[in-house]
Amino acid sequence: MSSSSREAILAAARRTAQAHGYGGLNFRELAEDVGIKAASIHYHFPSKADLGAAVARRYWEDTAAGLEAMLAETSDPTDCLRQYPGIFRKALENDNRICLCSFMAAEYDGLPEAVKNEVQTFADVNVAWLSRVLSAAAVVSSEESEGRARAIFAAIIGAQLIARSRSDISLYDAVVDSYRAAGLLPA
């Protein structure tokens, strides 16, 4: 099996999990989507838990890389904070999907331990980055940055859920604008 098959499986699993969560991952359906036999998925991912953990890990790794790239592209941390909601908006732009790890977090009690760990890491990566950028932008003190970072992360995830439930991306934008008006995010 080639690494391109593994990547195609991960890409298909990401799309599925963003639309249907961990519970929606089905080897037979993923195999159809990728154009391979279900047994071929088992070659790379012996169990659904292995696949779920791998796709969640890839998701947070890609997000972490994107966050660092955003920070590297601008010298203004406040601008990064303004851009942050756009990362989550992209999922809604893609057929009304939501953040993969947020969807899986809603299924937390039913997740295998390895998947839970990757979902927690996604949240940790986002909160740590936001905390660092909030301090760099002098929005809050370093002592207050983690609490504000958690509030921003939770608020953005909440805005995404509200918008998805109405299939209305403009609702996401309006909620994010209200966060800015309330001072949670920089205007």
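Numbers at a glance
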item	result
Mean Cα-pair separation over length for the chain, i.e. relative contact order, pairs under 8 Å, 6 or more apart, %	23 percent
Projected-area average for the stretch 112-187 over all orientations - Cα convex hull basis, square nanometres	5.9 nm²
Debye equation applied to the C-alpha atoms of the stretch 14-70, log10 I(q)/I(0) at 0.17, 0.29 Å⁻¹	-0.58, -1.19
Distance from the stretch 10-64 to the stretch 114-187 (C-alpha centre basis), Å	26 Å
Surrounding net charge for I36, when Lys and Arg each add one and Asp and Glu each subtract one, Cβ distance under 14 Å	-1
Net +/- balance of residues flanking G86 in space, Cβ distance below 11 Å, scoring K and R +1, D and E -1	+1
Candidate lysines - alpha carbon under 30 Å from K90, same-chain residues fewer than 8 apart omitted	K48, K116
Between helix 77-93 and the chain: long-axis angle, C-alpha atoms, 0 to 90°, nearest 10	40 degrees
Quarter of the Cα convex hull surface for the chain, i.e. its orientation-mean projected area (nm²)	11.0 nm²
Residues whose placed amide H lies under 5 Å from that of F45, excluding near-sequence neighbours	none
Residue among I9, V176, S102 farthest towards the positive dipole end of the chain, charges placed on Cβ	I9
Protein-only accessible surface order, largest first, of I162, I9, I157 at 1.4 Å	I162, I157, I9
Spin-label model distance (nm) - R180 vs S167, 7 Å beyond Cα toward Cβ	2.8 nm
Most to least packed among 72-78, 91-97 [average Cβ atoms within 10 Å]	91-97, 72-78
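The values are calculated or read from the model by the stated rules, or taken from the named source; none is laboratory data. Note that the structure is a prediction, hence the values are computed from the model and not measured. Cβ atoms come from the backbone with ideal geometry, glycine included; neighbour counts cover every protein chain shown. Keep in mind that these areas ignore ligands, DNA and RNA; they rest on the heavy atoms of the full protein, side chains included. Shrake-Rupley method; radii C 1.70, N 1.55, O 1.52, S 1.80 Å.
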